[in-house]
Every structure is written in C-alpha cells, then in structure tokens.
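The block underneath contains the structure these notes are about, expressed in structure tokens.
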Amino acid sequence: MTAETDSPDTLAAYKQFFSLERDVLVLSLAMFAFSLGFQMTSRYVPEYMAALGASTFVIGLFGTVGNVISAVYPYPGGALSDRMGSRISLTVFGLLSSLGFLFWLLAPNLGTIVVVGVVLEPWIWIFVGLFLAQAWKSFGLGATFAIVKQSVPPSRLARGFASTEVFRRSAFLVGPLIAAGVLYFFADFAVGFQYVLAVAVVFGLLATAAQHYLYEAEDTSIGKEFEGLASIREDLRALPPELRPLLVGDTLVRFANGMVYVFFVIVVTQFLEVGLTVGPIELSPAVFFGVLLAIEMVIALVSMPPAAKLAESVGLKPIVALGFAVYAVFPVLLISAPANAVVVALLFAFSGLRFAGLPAHKALIVGPAERDTGGRVSGAYYLVRNAVVIPSAALGGAIYGGLSIPGTGLAYAGSPTVAFALASLIGGIGTAYFLAFGEEFEAYA
C-alpha cells in the first residue's frame with residue numbers, strides 16, 4: 001500500500017468524485033445542489049421567521065417540526081421510492097423540495113390565515129414549506145450507509161465515510177457564503193433573504209431537471225420493499241447490542257444540540273449583535289453569521305480526513321467522544337462569549353471540530369451490522385434517535401424565550417443563558433455516558 005493511499009487527503013473525495021459511474025455522479029451532483037440550497041436558507045430561517053413576527057417559542061416549534069420530519073420521512077420516502085422507481089421518485093422529491101423553497105420565498109406575500117378563530121401570521125407558510133423542502137432528503141439515507149459498508153473493508157469504514165462527507169459538506173461551506181454575499185447588498189434582512197431563497201429555488205429546479213434527464217438507472221428500488229410497521233419493529237429488535245450505549249449517548253447529545261441549534265443565528269444577530277468591520281467593509285450580524293458558518297465548515301472539512309485516519313490507530317470511540325464533547329460545550333461557550341468578532345469566529349472554528357468525529361460515528365453505527373444489513377441498521381438507529389429528539393427545539397424555545405399558559409396565570413420569563421447552559425449539561429451527560437459504556441468496533445480493537 002502506498003504512502004499516498006495511507007495519508008489523510010482532504011482532496012481525495014474530489015479526486016474520486018470524477019471517476020464515479022454516471023448514475024452515482026448525477027446523484028452526487030443533485031445531493032450537492034439540494035444541500036447547497038438547504039444550507040443557504042435553513043440556518044437563516046429562524047431570523048426570517050422573527051422578521052415575520054414569530055415568537056421565540058414558534059421558532060423553537062419550527063425546529064421540532066423539522067425533527068419530526070427527519071424522524072418520519074425516511075421510511076415512507078423509501079416506500080415511495082420502491083413503488084415509483086428511483087428516477088420518478090427523485091424527480092418528485094426534487095420538485096417538492098423546490099416548491100418548499102418557493103413557499104418560504106412567498107411567505108410574506110401569502111398573508112395571514114385563520115384557523116378555528118385563531119389568526120396565524122405569515123410565518124405559518126414557513127412550516128408548510130418545511131414539509132416540502134426536506135422531501136429530497138428522505139431518499140437514500142440508508143442506501144448511502146449500505147453502499148459505503150459494502151464498498152470498503154471494515155478497518156477503513158471511517159475513511160470511506162470521510163470521503164463522502166467531505167464532498168457533501170462542501171455545500172455546507174459554499175451555501176452560507178452565497179447567502180452572506182447576497183445579504184451584504186441589502187439593508188433589510190427579509191428582502192435580502194428572499195433573493196437568497198430565489199437562488200435556492202433555481203438550484204433545486206436545475207438539480208431536479210438534471211437528475212431526471214441524466215439519471216439512467218433501471219426503474220428498480222434500492223434495498224427490500226417496505227413492509228410496514230412490522231418491518232420497523234423487526235429492524236429495531238435487530239439492532240446490534242454494541243450500538244445501545246452509542247445510541248443513548250448520541251441521543252442525549254443531539255437532544256441537547258436540538259434545544260439551541262435554531263437559536264444560533266438569533267444569538268449572533270440579536271443577543272450578541274456581533275458583526276465585523278474590516279477596513280471599508282462592514283458586515284452586519286446577519287452577514288457575519290454566514291461567514292461564521294463557512295469558518296465552521298472549513299474546519300470540519302479539514303479535520304474529518306485526518307480524524308478518520310487517526311481512528312484507525314486509536315480506535316473509533318475516542319474520535320466519536322471528541323465530537324460529542326464539542327457538541328456539549330459549544331452552547332455554553334457561545335452564550336457567555338463577549339460581543340467580539342474574533343472570539344465568536346474562534347468559537348465557530350472550534351464548533352467545526354464536532355464534525356471531525358462524524359465519519360468515525362457513522363462507522364461505529366454501521367460497523368457491527370451484518371453484511372447487506374447496513375442500510376436497515378442505520379435506518380433503525382436514526383429512527384430511534386430522531387424520534388426522541390423531536391421535542392428538543394420546542395423545549396429549548398420555551399426555556400429561551402419564556403412561555404405562558406393561557407387562563408392559568410402561569411408564566412416563565414425565559415432565559416437564553418439557562419437554555420444554552422442546560423443544553424451543555426445534557427450534552428455533557430451524553431458524552432460521559434458514551435465514554436463510560438460505549439464499545440469499540442472490534443475491527444479496530
């Protein structure tokens with residue numbers, strides 16, 4: 001084996017990309033385009049909702065609905081793919097996602113609606129768009145895990161996932177920079193963000209058209225046909241016992257992150273109100289937030305390959321624990337940071353290290369699975385984790401901004417500091433649990 005093969009090369013994913021078969025190449029490009037559109041928009045949506053009059057609790061509820069979609073979409077998405085075939089399902093999911101971006105774009109113009117005597121402000125259309133915008137993401141999660149599982153030897157699983165993650169998450173870097181560039185030219189955030197959404201709609205339509213006309217796979221499904229709730233129960237019972245400590249720790253960490261994730265943009269733009277001035281260039285807090293996301297993703301892209309390589313020497317568990325620890329401490333560090341652009345930028349760079357453990361994390365999920373069951377194991381794992389995490393954002397919103405119960409006189413004023421500190425505490429418990437009880441994938445032992 002050559003030294004070049006052994007070295008952690010950040011560019012390896014891009015070198016391998018251009019040698020992919022045509023169908024995989026088309027799907028990869030579509031994945032990049034939809035990830036680009038979603039990353040340009042989704043991290044800014046909470047600020048957009050605030051501009052449309054949404055309360056802090058409603059913004060938290062937006063995060064919870066997103067958690068619901070992430071939990072329930074993969075199974076029906078797989079069933080639809082089995083019935084319609086890969087090409088048609090990809091086209092339908094792509095059109096639905098593009099329509100979701102369009103709903104977000106038109107939300108201020110669609111106006112209020114009245115439901116059972118309750119007047120709902122234009123932010124309600126953000127929820128409608130959310131159900132559509134995430135449609136494309138419902139395709140292929142389990143299949144991606146299974147393909148990597150079957151394509152690389154067990155001792156190289158982390159590196160295999162690092163290659164795919166580096167390419168996919170390049171969109172996570174480019175998307176926020178495009179958004180920041182567009183927002184820079186608008187004093188009114190809501191108006192500027194509508195232009196960002198228009199660009200996302202264009203990306204979605206182009207990706208949908210490209211995959212429809214260029215994708216040449218036969219009209220067959222990936223994996224077995226969906227068999228309903230009995231299939232879900234079977235897959236959950238079949239989870240390898242080695243995964244249980246990882247699942248518990250991961251769920252606690254993700255629940256904690258879910259409590260505050262949608263409020264990161266609010267903290268930067270409204271709580272800290274931190275922007276950046278470099279010579280004649282002045283970046284508003286909203287524009288600076290896009291730069292912060294790009295800084296975070298640069299660190300993620302640079303750190304994932306060497307971390308995956310390191311996992312082959314020290315094992316998967318320490319690398320996964322590192323990622324969990326960064327998840328845990330970042331919220332309390334951010335909420336207590338001074339309104340200083342350099343300090344906040346360094347914190348987001350530190351936050352990028354949480355992605356360093358992601359390839360090892362995926363390898364630890366799928367590694368114990370029997371061959372040809374990687375997709376089912378990963379699907380069941382994420383179903384459990386995402387289902388438990390569902391209420392996290394609504395809970396975080398209630399703690400962050402307060403909540404009153406009509407007719408009772410009971411109210412809680414809310415505290416951003418308490419919300420973020422509690423998130424770090426829960427994340428720390430999850431990290432400690434995994435360190436105490438988590439098991440190493442035997443291929444690395």
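The values are calculated or read from the model by the stated rules, or taken from the named source; none is laboratory data. Quick caveat: nothing in here was measured; it's all calculated off a predicted structure. Here the Cβ positions follow ideal geometry from the backbone for every residue, glycine too, while neighbour counts run over all protein chains shown. Areas reflect the complete protein model, heavy atoms only, side chains present, ligands, DNA and RNA absent. Shrake-Rupley method; radii C 1.70, N 1.55, O 1.52, S 1.80 Å.
So the values come out like this:
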| quantity | calculated |
| --- | --- |
| Extreme residue, modelled with the lowest pLDDT, among residues of the range 235-290 that are open to solvent by 10 Å² or more (accessible area, probe 1.4 Å) and in contact with a Gly (Cβ under 6 Å, 6 or more places away or on another chain) | 245 |
| Residue list for the range 304-321, filter: open to solvent by less than 20 Å² (accessible area, probe 1.4 Å) and within 23 Å of residue 171 (Cβ to Cβ) | 304, 305, 307, 308 |
| Selection from the range 25-41 of residues that are modelled with pLDDT of 90 or more and not hydrophobic (A, V, I, L, M, F, W, C) | 41 |
| Single residue of the range 67-105 satisfying the filter (open to solvent by 10 Å² or more (accessible area, probe 1.4 Å) and in contact with a Leu (Cβ under 6 Å, 6 or more places away or on another chain)) that is modelled with the lowest pLDDT | 74 |
| Helices (runs of 4 or more DSSP H) enclosed by the range 150-216 - at least 2 residues per element that are modelled with pLDDT of 80 or more, open to solvent by 10 Å² or more (accessible area, probe 1.4 Å) and closer than 27 Å to residue 357 by Cβ | 170-183 |
